[in-house]
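Bear in mind these aren't lab numbers, they're just calculated from the coordinates by the rules spelled out. No experiment lies behind these values; they were computed from the predicted model shown. Using ideal geometry, Cβ is built from the backbone for each residue, glycine included, and neighbour counts are taken over all protein chains shown.
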Amino acid sequence: MEIERVRCNPAGGAVEVRAPVQVVVNSRAAVRALRVDIRGAHVFTLSHHEIARALEWVDGSGWLQAVAALDRGEETTFTMILRDGTCAEWRARPVRFLSLTPSSSTECAPHPQNRRQEEFA
């Protein structure tokens, strides 16, 4: 499962700020990560309505529906609007294949066990 966090401000020119993508092993782990993020997300910049909606999703039945959607192979999304109009969105989607970008270096990092042996030599 792949988790993505996006912030955008539609009123200010639709600039998106993406957090690094997180990869987890199953739908429950993905939804657990979403729940932790949403529970601690910008509490001071949310309206009372958005706080109630977020807590309903996190502690109510919203997260169960998200797990079911991921288990069916569907993407799940939760979106909140901050007081200043900024949109905060959490997305989780099943992935079957992750493309890895090759590193610019051609050397492999030494194995941690080998590094320890080199330090004591």
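Of note:
- Our estimate of slack between Glu89 and Leu55, defined as 0.36 nm per intervening residue step minus the Cα-Cα distance, is 10.7 nm.
- Here Thr45 and Ala19 are evaluated by their C-beta separation; at R0 = 22 Å the FRET efficiency comes out at 0.85.
- Distance histogram for the stretch 2-98 (every C-alpha pair counted, 5 angstrom bins, percent rounded to whole numbers): 3, 13, 25, 23, 19, 12, 5, 1
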